[in-house]
Every structure is written in structure tokens, then in C-alpha cells.
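Right, one structure below, let's go through it.
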Amino acid sequence: MRTDIFARLDREPEPPKIETPRMSRHRIALFGGTLAFYLAIVIAVLMSSWLVTLDWKVMLFRPYQQWPQIHAFLDYYVVLGQRGPTAVMVACWLGWRSWRQHTLRPLLTLGASLLLLNVTVGAVKYGLGRLGPHYATQIGSAELFAGGDIFPSGHTANAVVTWGILAYLAATPRARRYLSAMSAVVSLGVGLTTVYLGTHWLSDVVLGWAAGLLILLGLPWCEPMITRAENWIFAARERLSARSRLVPAPPVAAGDPQPVPAGQPAAAAAEAAQGQVRPPVAAGSHPAAVAVVTTATGSRPRAHTTPPAHQGHPARSERTPVTPAGSRRPPHADRTPRGGTAPARPVAGG
């Protein structure tokens with residue numbers, strides 16, 4: 001009985017075909033516009049323009065001191081942008097989708113998007129090295145190339161990608177619209193929460209939104225790679241299943257005892273171990289009527305027939321052993337055995 005995760009998939013009916021998003025002209029235009037916006041934010045921060053001044057004004061305003069009553073709630077809400085908890089929650093949902101739809105595409109798409117997020121956002125973070133508001137050293141400075149890792153905001157980009165992947169993989173247009181609105185609200189709230197808590201500049205959050213949106217818009221370019229990966233996984237699964245079903249018997253050297261099938265009597269197993277083979281008994285003959293002696297060296301068997309024992313008398317080998325004839329008394333000490341010489345007796349008297 002199969003116990004792997006694919007056993008249930010094989011018994012489920014085939015789901016309706018889900019259309020894979022394509023790089024249409026509209027999507028390409030959105031991707032180009034978002035990429036231009038992304039580059040404009042990076043250039044504005046590098047040039048210490050009005051955007052950096054706005055960052056300092058928002059930071060000095062200290063929103064967490066203006067509205068302290070929502071601080072406790074936003075401490076928990078910002079978790080919706082952390083990589084670990086959100087990836088686990090979304091992976092559980094997409095795993096169920098994969099189980100129901102007979103495909104690994106949802107999980108592979110999530111993995112591809114998170115990989116792209118780590119590569120693109122991580123490279124810019126460590127390349128620019130911007131410090132956060134709590135570690136700023138000079139008012140009005142962009143705080144670039146100082147060993148930081150907050151530009152763009154990882155919380156914001158992760159929220160856009162992790163929750164937006166649900167809309168990207170939606171099965172119907174209606175579900176796609178609802179999930180797109182939900183992911184936009186969640187990612188917008190996570191980005192503003194980081195600004196409220198003082199852990200990110202406003203420009204960090206804006207660039208994080210653009211970075212996450214670029215990954216979602218460019219995912220159709222990764223669909224051929226995802227399809228090849230899925231086909232390779234299922235092909236490897238089929239090869240492993242075929243290999244487990246075809247287990248070859250171990251080779252037996254010449255002169256070694258042949259393996260005895262299960263259920264064969266112990267006597268036959270012993271004969272097989274000694275190199276003897278019992279031929280089939282003809283119908284109507286007595287089992288003891290045929291005796292075959294075959295040596296392990298491969299000599300020709302010699303057969304002889306013995307008459308069956310009488311129905312009313314047991315066979316000789318089954319009779320009760322007979323006590324030997326003669327007296328069972330021990331010999332007397334004074335008696336002389338027959339044929340022997342009697343010892344000399346002393347002569348009495350004088």
C-alpha cells in the first residue's frame with residue numbers, strides 16, 4: 001500500500017485546467033513603469049534629494065510618540081511582513097492547493113518568488129549599506145555605504161511577494177481581484193508600520209513596495225523553468241517507484257543451495273540445502289514407493305521401488321524394538337562362564 005503524498009493525488013479526479021499567467025503587453029508595461037520608478041527612488045536617495053529630507057522629517061516627527069495607544073497592536077501586526085511566519089502560513093495553504101490540484105506548481109512558484117526576493121533585495125541592501133533611523137549619525141544625510149542593510153525594506157517587499165503570490169495563483173478572476181486587494185492592504189499596512197516604529201525610512205518602504213511588485217510582475221518569465229522542475233520531480237518519482245517494484249533476486253553461485261520458496265516443507269528445504277531434489281510422485285502410488293538419491297555432484301538419480309507395507313501391519317521401521325534373548329540377571333561371582341577354566345580349589349583336610 002502506498003503511503004507517500006502522491007498516492008492521494010493519483011486517486012483524486014483531475015481538477016479543471018488553471019490558466020498560467022503570461023507576459024502580456026499590459027504586464028510588460030507595468031513592469032517597465034515599476035522598474036523606472038524603482039530606479040528613480042534609488043537615484044533620489046543617492047543624490048540626497050528632497051526624498052531624504054522627507055525621510056528625516058518623518059523620523060523626527062516620531063509617530064510612535066504621537067499615537068502610543070496603537071503601539072502594542074502594531075508590534076504584532078508587523079509580523080505579517082516577517083519572512084519565517086508568513087512563508088510557513090502561505091506554504092501550508094499552497095501545499096493543500098498542490099494536493100488537491102495534482103500539481104507542484106503552487107509550491108514551486110512560491111519557492112521561485114522567495115529566491116528572487118532574496119537575491120534582488122539582498123543585493124541592493126548590502127550594496128548600498130544604508131543605516132536605519134535609530135542608527136543615523138548626521139541629520140540630513142542619506143546614511144549610505146555605512147554598513148547598514150535596510151534599503152529597501154525587507155518587511156515590505158516580503159509582504160508584497162508572500163501575500164501577492166496568493167492572487168497570482170488564484171483560480172478565478174474574482175478570487176484574483178479579492179486577493180490582490182487583500183495583499184495590497186496588508187503590504188501597505190506593514191510598510192507604514194515599520195515607519196511608525198522607527199525601524200525604516202519612508203523611502204525604504206516605497207522602494208520595498210516597488211521591489212516586491214517587480215517580482216510579482218516578472219514571475220511569468222519563470223513559468224517555463226517551474227514547469228521543467230515539476231516535470232523532473234514527477235519523472236524522478238516514477239523512476240523510484242519502478243525501481244522499488246522491480247527488485248532483482250540475488251545471484252546464486254554454482255554448487256550453492258538454491259533458494260526455497262516460501263511455504264515449502266522443512267524436509268524439502270533441507271534436501272534443497274544438501275543438493276538433493278525430490279521428483280514428483282506419480283498419481284496413485286504410495287509416497288514411500290519412490291526414493292531418489294541425487295548427489296550434490298550432479299550424478300544421475302537412481303530410483304528403486306519398494307512394496308508398500310500391509311495395511312494391517314506396521315512397517316519394520318515402525319515396530320517396537322524387541323528385547324534381546326537371554327537372562328537379564330547379572331552373573332554370579334562364583335560361577336564360571338561356559339567354555340572357561342574353573343579356578344583351583346583348595347584341598348580340605350590333611
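The values are calculated or read from the model by the stated rules, or taken from the named source; none is laboratory data. Keep in mind the model is a prediction, meaning the values are calculated, not measured. Reconstructed Cβ throughout: ideal geometry from the backbone, glycine too, with neighbour counts over all protein chains shown. Note: accessible area is taken over every heavy atom of the protein model, side chains too, but ligands, DNA and RNA are not part of it. Shrake-Rupley method; radii C 1.70, N 1.55, O 1.52, S 1.80 Å.
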Residues of the range 226-245 that turn out to be open to solvent by 30 Å² or more (accessible area, probe 1.4 Å) and within 30 Å of Val186 (Cα to Cα), as a count: 1
Qualifying residue in the range 8-30 (condition: in contact with a helix residue (DSSP H, G or I) (Cβ under 7 Å, 6 or more places away or on another chain), at pLDDT 90 or above, under 22 Å from Leu217 (Cβ atoms) and of a type in the set (Gly, Ala, Ser)): no
Tally of residues being open to solvent by 10 Å² or more (accessible area, probe 1.4 Å) and either free of Cβ contacts under 8 Å to residues at least 12 places away in the same chain or under 19 Å from Val42 (Cα atoms) (or both) across the range 212-225: 4
Condition check for Trp99: of a type in the set (A, V, I, L, M, F, W, C) and touching a Lys or Arg at 6+ places or on another chain (Cβ under 9 Å): yes
Meets criteria (crowded, with 18+ Cβ neighbours inside 10 Å and either closer than 22 Å to Val190 by Cα or touching a residue at least 24 places away in the same chain (Cβ under 8 Å) (or both)) for Ala112: yes
Among (1) over 25 Å from Ala36 (Cα atoms); (2) touching a helix residue (DSSP H, G or I) at 6+ places or on another chain (Cβ under 8 Å) - the single one Ala171 does not satisfy: (2)
Output for the range 155-173, where each listed residue is of a type outside the set (A, V, I, L, M), open to solvent by 20 Å² or more (accessible area, probe 1.4 Å) and more than 15 Å from Gly111 (Cα to Cα): His155, Thr172, Pro173
Any hit, the range 31-39, residues being under 15 Å from Arg130 (Cα atoms), assigned to a helix (DSSP H, G or I), open to solvent by less than 40 Å² (accessible area, probe 1.4 Å) and in contact (Cβ under 8 Å) with a residue 24 or more places away in the chain: no
Residue list for the range 127-143, restricted to those being within 19 Å of Thr194 (Cα to Cα), touching a residue at least 40 places away in the same chain (Cβ under 8 Å) and open to solvent by less than 40 Å² (accessible area, probe 1.4 Å): Arg130, Gly132, Pro133, Ala136, Ala142
Set Val119, Val124, Val88: member being surrounded by fewer than 16 Cβ atoms within 10 Å (Cβ to Cβ), under 19 Å from Gly208 (Cβ atoms), at pLDDT 90 or above and of a type in the set (A, V, I, L, M): Val119
